[in-house]
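Everything on this sheet refers to the single structure shown next.
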Amino acid sequence: MIFLQPRTSVPLYVTLLVPVISVLATLIAGGLIFAVLGYAPLPALYEFFIAPLSRPDQFGNLLVKACPLIIIGTGLVFCYRANIWNIGAEGQLIAGAVGAGGLALSFPDTTSVFLLPGMAVCAILSGALWAAIPALCKVWFRTNEILVSLMLTYVAALLIDWIVRGPWRDPMSFGFPLTPYYPDAGLISALHLPFIGRLGQLHWGVPVALLIAVAGYFFLSRMLGGFQVKLMGDAPRAGTFAGFSPNRVTIGVLLASGGLAGLAGMIEVSANIGQLQPNISFGYGFTAIIVAFLARLNPLAVIVAGLVVALAELGGDTAQISMAIPKVVTGIFKGILLFFLLAGETLTRFQPVWVDQTGKFSKKGQKTI
Amino acid sequence: MIDELLLTVLLTSVPLILAATGELVAEKSGVLNLGVEGMMLMGAVAAFGAALVSGSPYLGIISGGLAGIATAAVFALFTLGLATNQVATGLALTIFGTGLSGLIGAPLVGQAIEGLPEFHIAVLAQIPVLGAAFKLDIMAYGCILMVSLTAWFLASTRAGLILRSVGVNHDSAHALGYPVLVIRSLAVLFGGFMAGLGGAYLPLVLTPHWAEGMTAGRGWIALALVVFASWRPWRLVAGAILFGGVTIMQLAGQAKGWTIPPQFLSMLPYLATIFVLVFISSRGRNYFGAPAHLGRVFHPTR
């Protein structure tokens, strides 16, 4: 029988190696699947992970794809550190986009510079409000936040579908489910880099995302609030003895991650789309879960993890055109990556040991019981 | 008109009942598998492929079930073998299954198969209105048989009792000498088999084509249904017909020009599930047969 024996200490190199090995193993496993299904594996991997970066402007597009993943991923790191399982970021993203859109569409003629910050505030509030439902259900009734936040994702998707087909539909849209375009003051402009100028679709949301991840890192590692979050996740009993309120942490992390997901939704629409439509996100809220795990729940590492996963997303777009396979195929890589990361998580915290029938460890040097 | 409506409601509810019955057994053993949608898609593409190549929809049924088992085996390997987090692994399974089914199905898009034939049950099919329930296909009848067997297995057999005990408290079950991980693996594989069948029903009966992501969220509704039915097999059938009825009501409502937007009707299953969840948790967990150790990772001690 194999038993999992808890490790007393985890060397730093193991912590760093797990994500690297997971990514490499994912490439191998993904290549094998392509080979089994009759696609040449190396050209397929090339299309997914190298071809997307063959043009310099694609680096800008990579950052754009990583932007919502980094913002949402940072919020999810807080939740998962506190052992709160928010898996409804997709719904909170939609709620944020709708909240921001409501403000932008209420002032179609404005040129005020306050519109964009106002939209950001509305987005954060709407996203936090959407996340407040599972938070309050958990605090008041001890309802499982996993299922409630998941169910609310589908409610949000249907809500935006109704909004863009019904009350907010542009009368000039020829029956398409689209709202009017936002006023220019409600759009996020392209980012001009020194010496380079515009790089693909690169916009001002990207530096905001990087800033959020860095701020998240400092909050989690340097401030009392961050300490409470970590303590409530690792040792809730010790936390209560220290006088911290588990309910406040639950509500806090859910509101924070909901607000950040909402902000990501607003940035996604204002920078890339310019109006509301039924599909504003390609599962960023779910993909960000993978990002959070790849980063091993560290906000700074979320930046790198976001870029890695964004590369797979970008590769999905490339392969859709060059290999004539649907965009969802990129899910093979995303799914396997998450499998391996989770397995790596177990193997860093536990050591598999072989135990024979008599209950003794076969490995030498171990204590026998 | 009304019996046709009833027939459509029954047809839409069959894949939900199949997938949800499997998930119910897995959850009763304490495993929350959020990968239902992925397993259904794998079942759907395997069933469609097998029926297309062999020309036999019956081979499609078998192939769909096997594909579901294979997909669930991945889940069992990680959550039970490697003790990974069930929620994250389940999401990974859905993402993976959606992607893999899309890749397998890419060459199959645009082709059509001969679906399963209807079996009219002699005299009963002649009954006005209710006769619709006896004009179904072999999978729909089989689905009711599976629910009966599951209900009987869970409530009245020793093995069913052991399975439930593992879901209520895995440490106690382990202390009594029951092989927790083996029992859970079997429950997860059964869940995969049923989800695969539920997925297979879509191309074999509802629409004779393959389309990427053709389950369109049915896996998540099946998941909601298990909670909505508070882990009781027969309530699950009632719930599925209710949820299926909601889907059909939208179409009928649109045709009649109702003022209530169809999206609000589509929200009902999800909202109802949230209400049931809140209700259950406010009454204390065990009151409603919720498995107490649902979603908890089991580390065997010696």
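Values in this text are rule-based calculations from the coordinates and carry no lab data. Computed from a prediction, not measured in an experiment: that's the story for all the values here. Here Cβ is always computed from backbone atoms with ideal geometry, including for glycine, and neighbour counts include all displayed protein chains.
Structure summary
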quantity	calculated
Burial ordering of A:MET151, B:MET146, fewest other beta-carbon atoms within 10 Å first	B:MET146, A:MET151
Shielding by partners, peptide A:157-168 (average Cβ within 10 angstrom, other chains)	3
Distant-in-sequence amide H partners of A:GLN201 (H built 1.01 Å from N, under 5 Å)	A:ASN61
For segment A:32-170: rounded, prolate or oblate by the Cα gyration tensor [a/c cutoff 1.5]	oblate
Shape of segment B:26-174, Cα gyration tensor, a/c cut at 1.5	oblate
Global form of segment B:108-191, assessed from the alpha-carbon gyration tensor, a/c cut-off 1.5	oblate
Computed helical MRE - 222 nm, chain A, DSSP H runs ≥ 4 contributing -39500 (n - 2.57), nearest 500	-22000 deg cm²/dmol
Two-site FRET efficiency, A:TYR13 against B:LEU206, from Cβ-Cβ distance with R₀ of 60 Å, rounded to 0.05	0.70
For A:GLN351, residues with placed amide H under 5 Å, excluding near neighbours	A:GLN5, A:ARG7
Ascending count of other beta-carbon atoms within 10 Å, so fewest first, for A:VAL64, A:VAL208, B:VAL36, A:VAL229	A:VAL208, A:VAL64, A:VAL229, B:VAL36
Which of A:ARG222, A:ARG7 has the fewest Cβ neighbours within 10 Å, and the rest in rising order	A:ARG222, A:ARG7
Tail beyond 33 Å, pair distance distribution of chain A (Cα, percent)	36 percent
Cα pair count fraction exceeding 26 Å, expressed as % - segment B:2-288	44 percent
Full-stretch length increase - B:LEU124, B:LEU251 - with 0.36 nm per residue and alpha-carbon distance subtracted	42.9 nm
HN-Hα J in Hz across segment A:316-323 - Karplus 6.51, -1.76, 1.60, θ = phi - 60°, x for Gly and Pro	x, 5, 4, 5, 4, 7, 7, 10
Distance-filtered residues of segment B:90-124 - backbone nitrogen under 19 Å, label point 7 angstrom along B:ASP3 Cα→Cβ	B:118-124
Segment A:81-141 versus segment B:108-136: alpha-carbon centroid distance in Å	47 Å
Nearest 10 degrees, 0 to 90: helix A:115-141 Cα axis against chain A principal axis	40 degrees
Value at 222 nm in deg cm²/dmol, rounded to 500, when DSSP H runs of n ≥ 4 in chain B each add -39,500 (n - 2.57)	-22500 deg cm²/dmol
Qualifying aspartates and glutamates (Cα of each under 17 Å from Cα of B:LYS256; at least 8 residues distant if same chain)	B:GLU4
Angle in degrees between helix B:262-282 and the longest Cα principal axis of chain B, rounded to the nearest 10	20 degrees
Gained length - A:ARG248 relative to A:PHE141, 0.36 nm times residue gap less alpha-carbon distance	37.1 nm
Degrees between helix A:12-36 axis and first principal axis of chain A (Cα, 0 to 90, nearest 10)	70 degrees
Estimated FRET transfer efficiency (A:HIS192, A:ALA235; beta-carbon r; R0 51 Å; 0.05)	0.60
Under 5 Å, built H, 5+ apart or other chain: amide partners of B:GLY35	none
Computed label-point distance, nm, for sites B:SER56 and A:PHE218 using a 7 Å Cα→Cβ extension	6.9 nm
Relative contact order (%) - criterion: Cα under 8 Å, at least six apart; region: segment A:66-296	43 percent
